[in-house]
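Here is the structure we will look at, set down as structure tokens.
Every number in this text was worked out from the coordinates using simple rules, so none of it is lab data. Bear in mind that the values here come from a model prediction, so they are computed numbers and not experimental data. With ideal geometry, Cβ positions are generated from the backbone for all residues, glycine too; neighbour counts draw on all protein chains shown.
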Amino acid sequence: MTEGTLIKVGMADLNIADGGAMLRTTGLGSCVGLTLYDPHLKLGGMAHIMLPSSDIAREGQLNIAKYADTAVPELLQRMISKGAVTGRLLAKMAGGAQMFAFMGGTDTMRIGPRNVEATKLALERFEIPLVSEDTGGNYGRTVELNSLTGVFSIRSVQHGVKEI
Amino acid sequence: MSLFKNDSDFKMDVLREVGNIGAGNAATALSTLLNKPVDMAVPTVSLLPFEAIAERVGGSEAVVIAIFLRVDGDAPGNMFFIINREPARRILQGLLGFDAAENDNYSELELSALSEIGNILAGSYLTSLADFTGLHMSPTVPSLAVDMAGAILSYGLLQFGTMGDDALLIDTTFLEGQQEAEGHFFLIPDPESFDKLFRALGVPL
């Protein structure tokens, strides 16, 4: 993949990129955009996680990119198959917002924070350090990972662009 | 994902009629509120991949004004009233009588007015639907957001999320005269609600 190529990661989807290609996922609300980066290989991976746990899945064919507990190992596996070493990987993430505030919010309403917690738990399981995050709040985010630099940029309507 | 085992076309027609009745009443309410005619397009009922739902309102990153309500009761679901920015400005101008929302900076008053409009419209949509089906349906307090369409709409897809990667959407477009779409009414019943809706309407399952 060449520099400047943009790889779009859809909702409940994941992908990897190297050679300076960008990974991008748009309109994260309560969903979490997780990235893993191997600085030595300049290889990046991104997952757009929608729900915390595959325990609640009732679908026939499980979409493993959708749930925090299954997306993290899958993304890790995809990176390892490209030569990444787990001990070198750095994680960054954004999203997990609570778009709407409700009185006496039910579990569904708290889905953003729950996605963040579940993603962190999955990272801990593989001992991948979370180096930075931009999570929570009540606003949407579009995120991009530059596979050349590992820079993770976050754009929102109210706060413009920031890099972590 | 195939949501309906049999009579799929007929069931889609029934849901289209559900949208017709609900949104028809909401359009009348909006027209009364604005004191001018508001038309609506024939509702579309489609099983769409999550990504495609935001495309209906300009794409995942398009900034929209959305009023979200959770429908409680016999046939729960999620409801969105999505207004484009320009029509929202005109609606506010008509209601409040002064130039509203310069540069997309909404005041408390404007946000509250938009939220109330959403409340009235969703209320009329649900009331007519409840009358028509004999089911109990009540809206939660509306919540308003001005943000990326993808971020907002994904909230209404969580119930479908555990079942697959598509959601069934009843979409009605509002039109003011011959102008561009003013906004959309999205009703996304929870997957479990379809059988209840069909049973209430005498559709064989």
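A few comments on the model shown:
- Net charge over other residues, Cβ less than 9 angstrom from the Cβ of A:Gly96 (K, R count +1; D, E count -1): -1
- Karplus-based coupling profile of segment B:200-205, in residue order and whole Hz: 5, 9, x, 8, x, 7, with θ = phi - 60° in 6.51 cos²θ - 1.76 cosθ + 1.60 and x standing for Gly or Pro.
- The amide H of A:Gln98, built 1.01 Å from its N in the peptide plane, has A:Gly137, A:Asn138, A:Tyr139 as neighbours under 5 Å, considering only residues 5 or more places off or on other chains.
- Residues whose amide H falls under 5 Å from that of A:Ile7, counting only those 5 or more places apart or on a different chain, are A:Met22, A:Leu23, A:Arg24, with hydrogens built in the peptide plane.
- Net charge of Cβ neighbours under 12 Å - reference B:Ile53; Lys, Arg +1; Asp, Glu -1: -4
- Computed over neighbours whose Cβ is under 15 Å from that of B:Leu153, the net charge equals -4, Lys and Arg +1, Asp and Glu -1.
- Kirkwood analysis of the protein assembly as shown, using all unique Cα-Cα pairs, places the hydrodynamic radius at 21.4 Å.
- Calculated Rg and Dmax of segment A:1-87 using C-alpha coordinates, Å: 13.1, 40
- Inter-label distance for B:Glu17 and A:His159, nm, one decimal - labels placed 7 Å from Cα along Cα-to-Cβ: 4.9 nm
- Per-residue shielding of B:138-150, expressed as the average number of other chain Cβ atoms within 10 Å of the residue Cβ, stands at 5.
- Placed amide H near B:Ala167: partners under 5 Å, 5+ positions off or other chain: B:Leu48, B:Phe50
- Each residue of segment B:162-168 is assigned a 3J(HN,Hα), and the resulting list reads 6, 9, x, 10, 10, 9, 8 Hz, derived from the Karplus form 6.51 cos²θ - 1.76 cosθ + 1.60 (θ = phi - 60°), x at Gly and Pro.
- The mean number of partner chain beta-carbon atoms within 10 angstrom of a residue's beta-carbon across peptide A:137-143 is 4.
- Note on B:Ala41 and A:Phe126: the model spin-label points, each 7 Å out from Cα along the C-beta direction, lie 4.2 nm apart.
- Note on segment B:8-200: the alpha carbon radius of gyration divided by the globular reference 2.2 N^0.38 Å gives 0.97.
- For the protein assembly as shown, share of DSSP beta bridges that run antiparallel, in % to the nearest 5: 90 percent
- Gyration tensor over the Cα atoms of segment A:46-153: the corresponding equivalent ellipsoid has semi-axes (square roots of 5 times the eigenvalues, largest first) of 25, 18, 12 Å.
- Peptide B:155-166 has a mean shielding of 6, counted as Cβ atoms of other protein chains within 10 Å of each residue's Cβ.
- When each of A:Thr142, A:Thr86 is scored by the number of other beta-carbon atoms lying within 10 Å, the sequence from fewest to most is A:Thr86, A:Thr142.
- Relative packing of peptides A:29-42, A:66-79, B:49-62 - highest average C-beta neighbours within 10 Å first: A:29-42, A:66-79, B:49-62
- Across segment B:60-66, rounded Karplus estimates of 3J(HN,Hα) from the backbone phi angles (6.51 cos²θ - 1.76 cosθ + 1.60, θ = phi - 60°) give 4, 9, 5, 7, 10, 9, 10 Hz, Gly and Pro being marked x.
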